[in-house]
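Quick notes on the structure that follows.
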Amino acid sequence: AKTISKCYVQVTGMTCASCVANIERNLRREDGIHSILVALMAGKAEVRYNPAVIHPSTIAELIRELGFGATVMENCGEGDGILELVVRGMTCASCVHKIESTLMKTNGVLYCSVALATNKAHIKYDPEVIGPRDVIQVIKDLGFSTLLVKKDRSAGHLDHKQEIRQWKRAFVVSLIFCIPVMGLMIYMMVMDSQLSDAHAHHNMTSEEMEALHSSMVLEYQLLPGLSVMNFLSFLLCVPVQMFGGWHFYIQAYKALKHRTANMDVLIVLATSIAFLYSFVILLVAMAEKAKVNPVTFFDTPPMLFVFISLGRWLEHIAKGKTSEALARLISLQATEATIVTLGPGNVLLSEEQVDVELVQRGDIVRVIPGGKFPVDGRVIEGHSMVDESLITGEAMPVTKKPGNTVIAGSINQNGSLLISATHVGADTTLSQIVKLVEEAQTSKAPIQQFADKLSGYFVPCIVAVSVITLFAWIIIGFVDFEIIEKYFLVSESISAAEVIIRFAFQASITVLCIACPCSLGLA
């Protein structure tokens, strides 16, 4: 029978649903992986795999190859207790063997591996039978010293501050350059409409029109074929393409390397084609020393980047809010506990401060007034009022007397209590709530899974449609030129074929640029 293990991988750098689909699709193809569920919000992937075929670190490596950051999360074994220790004082392989064999003989230890090179011990145990302190004691008795490997409790991996900063910067850069471009565009539109009015009223000849047209400041040619308008737009567009868009380029490159297409690929495609097309057309016009200024699309990239980076920025702020709530919840957990040893007649014999991770079931824990309960438990001795508002929302303190249950994270108010630990570590109410919130972010609504699937096909479709548009208009143009003449300002200086090809290009680029901030992805 195949054994199925479960591991959690922390994934960074996911931005939207298609990233999730991308990871899930690529990992399902791998041997030894049974199922994978990726949480966009929690930044976490839950993988069920066959340990005989594949190892968690390999899984993380596979995700890294897709262009995301991935680290295996150690602290997620459900049910079994897991203990990570740093063991000092080991000199050779026989020390390792001594520790491993002694621990494996110990009742309740399920699995143990000690690495001499890193001085680390990884122990799985049954919390019903044995506790972490017993394990540490066994190793101490063999003559080695141990340290607990600290877990990161800060929920720092759920922090979106860096991304928020990054997208805010991208947005501001794009916006600064976008406003003048928009201004130029609107000015041109107003001027054009005034011109066409003038044309309608005074039946001018086309020569007079040309003269009027070139008298406009923006249409003034610096060099033959290079107008002020186009030159300014080009200057404003370059920094946006570089600074506003470099992040998209990196992500798109990584996606294409793995033959997948995501939102970033679309964005990069649309902006690069618009930019390059405009740039080439300008060069052609300058080479031809054209009298009429070519129509360029330098306004597309800045405006597109503004909208997308604004969207991403808002999205990360929203994600940050959810993650913040989770981080606050995690921060309610106590870090240390005072464990006491009781003699006959509940006489205090000794007490010691230990890490919360080292509290075992059945330990007697003393909680002083104003202290937090480190674990769930039952009161043995003492009377007090306890503020449990973090769980129940009840602002009034609750009376606790022997026999009552207490919840980890709640705050003891006026009396000292002795409690017997019933749920420790990952089983406490607070840990479970944190886990549930993370899982709620992990599990996807059916409609969302559908959307993920669609977004995988979306990009190739759009590219195909724009290519079809290009050829369709070229064919239509050569068959019936009049249709194009209606929509395209035809000037005498360029040939019909060029008009058709320019118009077809314009149409296909428009398709790309409009489909790019795909409403599906944004929604």
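So what is the relative contact order for the stretch 334-428, in percent, with contacts set as C-alpha pairs under 8 Å and at least six apart? If you can, show how the numbers build up before the last one.
Values: 248 pairs, mean separation 31.9, N = 95.
Taking the mean separation of contacting Cα pairs over the length of the stretch 334-428, I get 34 percent.
Which whole-Hz couplings ³J(HN,Hα) result when phi for each residue of the stretch 338-350 is put into the Karplus expression 6.51 cos²θ - 1.76 cosθ + 1.60, θ = phi - 60°, listed in order with x for Gly and Pro?
My calculation for the stretch 338-350 gives 9, 9, 10, 10, 9, x, x, x, 6, 8, 5, 9, 7 Hz in order.
Roughly speaking, what is the stretch gain from Leu276 to Ser113, that is 0.36 nm per residue apart minus the C-alpha to C-alpha distance, in nm to one decimal? Write out the running numbers ahead of the final one.
Details: separation 163, 0.36 × 163 = 58.68 nm, distance 5.79 nm.
Here the segment from Leu276 to Ser113 would lengthen by 52.9 nm.
Using heavy-atom solvent-accessible surface (probe 1.4 Å) with all chains present, what is the largest-first order of Lys161, Lys486, Lys6? Don't jump to the answer; show the numbers that get you there.
On the way: Lys161 130, Lys486 160, Lys6 90 Å².
Ranked from most to least accessible, the order is Lys486, Lys161, Lys6.
Given axes a ≥ b ≥ c from the Cα gyration tensor, I'd like to know whether the stretch 5-73 is rounded (a/c under 1.5), prolate (a/b larger than b/c) or oblate. Could you put the intermediate results ahead of the total?
Numbers: a/c = 1.71, a/b = 1.56, b/c = 1.10.
Verdict is prolate for the stretch 5-73.
How big is Rg to Rh over the stretch 344-400, alpha-carbon atoms, Rh as the Kirkwood inverse-mean-distance radius? Each step should come with its number before you reach the end.
Values: Rg = 13.0 Å, Rh = 13.3 Å.
Radius of gyration relative to Kirkwood radius: 0.98.
Points 7 angstrom from Cα along the Cβ direction at Ser350 and Ile250: gap in nanometres?
Placing both labels 7 Å along Cα→Cβ, they lie 5.3 nm apart.
When the dipole is taken about the Cα centre of the stretch 334-428, and only Lys, Arg (+1) and Asp, Glu (-1) are charged at their Cβ, what size is it in debye, to the nearest 20?
Details: 6 positive and 12 negative charges, 65 e Å.
With only Lys, Arg, Asp and Glu charged at Cβ, the dipole is about 320 debye.
Check Ser384: other-chain or 5+ apart residues with amide H under 5 Å from its amide H, H built from backbone geometry?
Amide H neighbours of Ser384: Lys400.
When the Kirkwood radius is taken over all Cα pairs of the stretch 81-148, what Stokes-Einstein diffusion coefficient follows at 37 °C and 0.692 mPa s, in µm²/s?
Numbers: Rh = 11.6 Å.
Result for D is 283 µm²/s.
Using amide H atoms built in the peptide plane, which far-off residues or other-chain residues are under 5 Å from Leu142 H to H?
The list, which skips near neighbours in sequence, is empty: none.
Using modelled amide H (1.01 Å from N, peptide plane; none on Pro or chain starts), what sits under 5 Å from the amide H of Glu336, excluding residues fewer than 5 places away?
Amide H to amide H, under 5 Å and 5 or more residues apart or across chains, Glu336 pairs with Val356.
Would you work out the charge dipole size for the stretch 81-148 about its Cα centre, treating the Cβ of every Lys and Arg as +1 and the Cβ of every Asp and Glu as -1, and quote it to the nearest 20 debye? Working shown, then result.
Working: 7 positive and 6 negative charges, 44 e Å.
Using only the charged Cβ atoms, the result is roughly 220 debye.
Is the stretch 8-141 best put as rounded, prolate or oblate by its Cα gyration tensor, with a ≥ b ≥ c the root eigenvalues, rounded for a/c under 1.5, and otherwise prolate when a/b is larger than b/c, oblate when not? Display every interim value, and only then the final one.
Details: a/c = 2.59, a/b = 2.25, b/c = 1.15.
The shape class here is prolate.
What Kirkwood hydrodynamic radius do you get for the stretch 272-331 when you take the inverse of the mean 1/r over all pairs of distinct Cα atoms, in Å? Display every interim value, and only then the final one.
Details: mean 1/r = 0.0675 Å⁻¹.
When all Cα pairs of the stretch 272-331 are included, the Kirkwood radius is 14.8 Å.
Rounded, prolate or oblate: which one fits the stretch 334-428, using the alpha carbon gyration tensor with axes a ≥ b ≥ c (rounded when a/c is under 1.5, else prolate when a/b beats b/c, else oblate)? Working shown, then result.
Values: a/c = 1.83, a/b = 1.29, b/c = 1.42.
Since a/c reaches 1.5 but b/c is at least a/b, the shape of the stretch 334-428 is classed as oblate.
Residues of the stretch 5-73: accessible area per residue at 1.4 Å, in Å²? Mind dumping the intermediate values first?
On the way: 2600 Å² over 69 residues.
Per-residue accessible area for the stretch 5-73 comes out at 38 Å².
Based on the Cβ-Cβ distance of Phe307 and Arg29, what FRET efficiency does E = 1/(1 + (r/R0)^6) give at R0 = 41 Å, to the nearest 0.05? Numbers along the way, then the final one.
Values: r = 34 Å, r/R0 = 0.84.
In this case the efficiency is close to 0.75.
Quick one: Karplus J couplings for the stretch 43-57, per residue in order, coefficients 6.51, -1.76, 1.60, θ = phi - 60°, nearest Hz, x for Gly and Pro?
Residue by residue, the stretch 43-57 yields x, 9, 10, 9, 10, 9, 9, 9, x, 6, 9, 9, 10, x, 5 Hz.
How large is ³J(HN,Hα) for each residue in the stretch 418-428, as worked out from phi by the Karplus curve 6.51 cos²θ - 1.76 cosθ + 1.60 (θ = phi - 60°), to whole Hz, x for Gly and Pro?
10, 10, 9, 6, 10, 10, 10, x, 7, 9, 5
How much area per residue is accessible in the stretch 246-358 when the probe is 1.4 Å and only protein heavy atoms are counted (Å²)?
Details: 5420 Å² over 113 residues.
Accessible area per residue, the stretch 246-358: 48 Å².
Using packing as a proxy for protection, rank 461-474, 87-100 so that the peptide with the highest average count of other Cβ atoms within 10 Å comes first.
Numbers: 461-474: 15.8, 87-100: 14.3.
Top to bottom by mean Cβ count within 10 Å: 461-474, 87-100.
Quick check: pseudo-label points 7 Å beyond the Cα along Cα→Cβ at His97 and Val479, how many nm apart are they?
Rounded to a tenth, the inter-label distance reads 8.4 nm.
The values are calculated or read from the model by the stated rules, or taken from the named source; none is laboratory data. Note that this is a predicted model, so its numbers are computed, not measured. Cβ coordinates were reconstructed from backbone atoms using ideal geometry, including for glycine residues, and neighbour counts include every protein chain displayed. For the accessible areas, the whole protein counts, side chains as well, though only heavy atoms, and no ligand, DNA or RNA atoms are used. Shrake-Rupley method; radii C 1.70, N 1.55, O 1.52, S 1.80 Å.
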